[in-house]
Amino acid sequence: MTATTIGDLQTFKAAFFKALAHPARIRILEILISGEHSVQQLQEALGLGQSAVSQQLTVLRMSNIVSARKVGVSVRYGLRDPLLADLLAVARQIFDNHLVGTGDMLRHLRGKPGRRHRHAPRTRSGS
């Protein structure tokens, strides 16, 4: 690979993650994992106004993360790629692991025994 190809790929990845970089957009994706939803359904689930939901959906559509399909007078939104569900699940695991590690560090600093990271069980010898 050339340096340009690597740079282009990194630019593409950065733009993709930038499109995900808003709590409302993440929540929209979490909702869309279960299937297509209308703007009204997303509004109700998010507790946001139509303008705010539409603005976030526009960002996701422009980044090819969600698709829109007209059904009668309404538009239904869905995930363009079902692997987004896996991406969000892995991100959740990473955050959970980070929180467990942070909690362990705080308990250690306070001198309290804590729960170990689930992927690195504590041995009896203390190592």
Cα extents of region 3-81 along the three principal axes, largest first, in whole Å? 47, 24, 21
How high is the FRET efficiency between residue 58 and residue 102 when r is their beta carbon distance and R₀ equals 41 Å, given to the nearest 0.05? 0.70
Given H placed 1.01 Å from N in the peptide plane, which residues other than close sequence neighbours of residue 76 have an amide H under 5 Å from its amide H? 69, 70, 71
Please list 3J(HN,Hα) in residue order for region 70-84, calculated via the Karplus relation 6.51 cos²θ - 1.76 cosθ + 1.60 where θ = phi - 60°; whole Hz, with x for glycine and proline. 6, 10, x, 9, 10, 10, 9, 10, x, 6, 6, 9, x, 5, 4
Would you mind ranking 110, 92 so that the residue whose beta carbon has the fewest other beta carbons within 10 Å leads the list? 110, 92
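Computed from the coordinates by the stated procedures, all read-outs in this text should not be read as laboratory data. None of these values were measured; they are calculated from a predicted model. All Cβ positions, glycine included, derive from the backbone under ideal geometry; neighbour counts span all protein chains shown.
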